[in-house]
Amino acid sequence: MASFTLRPSDRLQFDSLLGELNTQFPAAHVEAAHNDIWGSYRLDVSCDAPLEGALVAWVDKHSTCPRT
């Protein structure tokens with residue numbers, strides 16, 4: 001199982017990552033939270049095998065935001 005949190009820097013990056021994750025990995029569980037006033041954005045993503053490797057590789061390649 002892969003599970004991590006992405007912290008986009010702005011709303012544009014947040015919306016882009018959310019859309020791409022939902023399109024590329026519809027079986028992944030994604031919880032999204034944002035507060036535009038505070039500039040706070042978070043995507044919690046988890047995925048079970050066999051998609052976990054592909055999801056981690058996609059995030060490593062496409063996401064420039066911090067991840068935990």
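The values are calculated or read from the model by the stated rules, or taken from the named source; none is laboratory data. On a predicted model such as this, the values are computed, not experimentally measured, just so you know. A quick note on method: Cβ atoms are made from the backbone with ideal geometry, for glycine too, and the neighbour counts reach across all protein chains shown. Surface areas here come from the heavy atoms of the whole protein model, side chains and all, with no ligands, DNA or RNA. Shrake-Rupley method; radii C 1.70, N 1.55, O 1.52, S 1.80 Å.
Quick check on my filter: what residues within the range 3-14 are part of a helix (DSSP H, G or I) and touching a Phe, Trp or Tyr at 6+ places or on another chain (Cβ under 9 Å)?
Initial filter on the range 3-14 (part of a helix (DSSP H, G or I)): 11-14.
Matches in the range 3-14: Arg11, Gln13, Phe14.
Kindly evaluate Asp36 against the criterion of being acidic (Asp, Glu), modelled with pLDDT under 90 and open to solvent by 70 Å² or more (accessible area, probe 1.4 Å).
The answer is no for Asp36.
Just the residues that are within 17 Å of Cys65 (Cα to Cα) and part of a strand (DSSP E or B), please, taken from the range 15-31.
Across the range 15-31, the qualifying residues are Val30, Glu31.
Determine the pairs where a residue that is closer than 15 Å to Thr68 by Cα, located within the range 32-44, has a partner that is part of a loop (DSSP other than H, G, I, E, B) and of a type outside the set (Lys, Arg) with Cβ atoms under 9 Å apart, the partner being 6 or more residues away or on another chain.
These pairs meet every condition: Tyr41/Pro8; Tyr41/Ser9; Tyr41/Asp10; Tyr41/Cys65; Arg42/Pro8; Leu43/Pro8; Leu43/Cys65.
Have a look at Glu31, Glu52 and point out the one that is among the acidic types (Asp, Glu), on the phi < 0 side of the Ramachandran plot and surrounded by 14 or more Cβ atoms within 10 Å (Cβ to Cβ).
Residue meeting the stated conditions: Glu52.
List every residue pair whose Cβ atoms sit under 8 Å apart, with the two residues 6 or more apart in sequence or on different chains, where the first one lies in the range 49-62 and is over 12 Å from Leu21 (Cα atoms) and the second, anywhere, is surrounded by fewer than 11 Cβ atoms within 10 Å (Cβ to Cβ) and polar (S, T, N, Q).
Pairs found: none.
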